[in-house]
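Visitor: After the structure tokens below, expect a handful of questions from me.
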């Protein structure tokens, strides 16, 4: 497989993701694969998806506070859920929401005082445009997750979420890229733990 520059792969993925056929059906299959992994986990870091570019995992959250599409299918897991917010120092912090506001990139971010570090979480669900064959995440290019999850001992609790069409993506991972413990798509679970 010929490896491409990250910017070229991002541009291709951003063009194809909004046009993905059978998206809702694929998301339901992905949620069905994620749900068993939630068992026994009390503190879970997740995300609010950009619904044109990322898999929507909010159906897993027991008390989803954001408006959902009519076809919204809820699984309801009653963990303590924490969501990313870009802090004033331009780093990700993970907050249990009491309310929501639009953040720096127009994505819903939590407002609240209950903050968790990635090492305190039991499970971390991570969005991605795609993932390389070794589990390296290809995000939007800001490096927020790379910085927040740089500790190697976090890998076992990280789960990357994407569509099978975008795994693996032909990109050469860089040293700073987060490598997740698992990637879940609608067709399978891929593990990258040593």
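Read-outs: derived from the displayed coordinates by stated rules, not from any lab. Everything numeric in this text was worked out from a predicted model, so none of it was measured. Glycine gets a Cβ as well: all are built from the backbone with ideal geometry, and neighbour counts include every protein chain shown.
Visitor: Going by the alpha-carbon gyration tensor, a ≥ b ≥ c the square roots of its eigenvalues, is the range 14-59 rounded (a/c under 1.5) or, if a/c is not under 1.5, prolate (a/b greater than b/c) versus oblate?
Guide: Values: a/c = 3.79, a/b = 1.82, b/c = 2.08.
Cα axes put the range 14-59 in the oblate bin.
Visitor: Taking 0.36 nm per residue of separation and subtracting the Cα-Cα distance, what length does fully extending residue 89 through residue 191 add?
Guide: Values: separation 102, 0.36 × 102 = 36.72 nm, distance 3.30 nm.
Additional length available on full extension: 33.4 nm.
Visitor: Let me ask something else about it. Taking the mean number of other Cβ atoms within 10 Å as a proxy for protection, how do you rank 2-14, 159-171 from highest to lowest?
Guide: Averaged packing, sorted descending, gives the order 159-171, 2-14.
Visitor: At 0.36 nm per residue, and after removing the present C-alpha to C-alpha distance, how many nm does the segment from residue 152 to residue 117 gain when stretched out fully? Let's see the in-between values first.
Guide: Working: separation 35, 0.36 × 35 = 12.60 nm, distance 1.43 nm.
Value of the extension gain: 11.2 nm.
Visitor: How would you order 173-186, 22-35 from highest to lowest mean count of nearby Cβ atoms within 10 Å?
Guide: Values: 173-186: 19.9, 22-35: 16.7.
Highest-to-lowest ranking by the protection proxy: 173-186, 22-35.
Visitor: I need 100, 81, 108 ordered by Cβ neighbour count within 10 Å, fewest first.
Guide: Going from sparsest to densest Cβ surroundings: 100, 108, 81.
Visitor: Same structure again: Give me 145, 131 sorted ascending by neighbouring Cβ count inside 10 Å, so fewest comes first.
Guide: Values: 145 24, 131 31.
Ranking 145, 131 by Cβ neighbours within 10 Å, fewest first, gives 145, 131.
Visitor: Grab the beta carbon distance between residue 4 and residue 52, set R0 = 22 Å, and tell me the FRET efficiency rounded to 0.05.
Guide: Values: r = 22 Å, r/R0 = 0.98.
Taking R0 as 22 Å, the efficiency between residue 4 and residue 52 is 0.55.
Visitor: What distance in nm lies between label points placed 7 Å from Cα along the C-beta direction at residue 98 and residue 133?
Guide: My value for the distance between the label points is 5.0 nm.
Visitor: For mean projected area of the Cα convex hull in nm², the choices are [x] 14.2; [y] 10.6; [z] 12.3; which was calculated from the structure?
Guide: Entry [y].
Visitor: A further question follows. Given points 7 Å out from each Cα along the Cα-Cβ axis, report the residue 175 to residue 15 separation in nanometres with one decimal.
Guide: Going from the residue 175 label point to the residue 15 one covers 3.3 nm.
Visitor: Highest GNM mean-square fluctuation, the chain, Cα pairs closer than 10 Å: which of 155, 147, 137?
Guide: 147
Visitor: Same structure, new question: Go ahead and estimate [θ] at 222 nm for the chain from helices alone: -39,500 (n - 2.57) per DSSP H run with n ≥ 4, summed, over the residue count, rounded to 500. Provide the component values of the computation, followed by the final result.
Guide: On the way: 3 runs with 32 residues, N = 194.
Here the helix-only value at 222 nm equals -5000 deg cm²/dmol.
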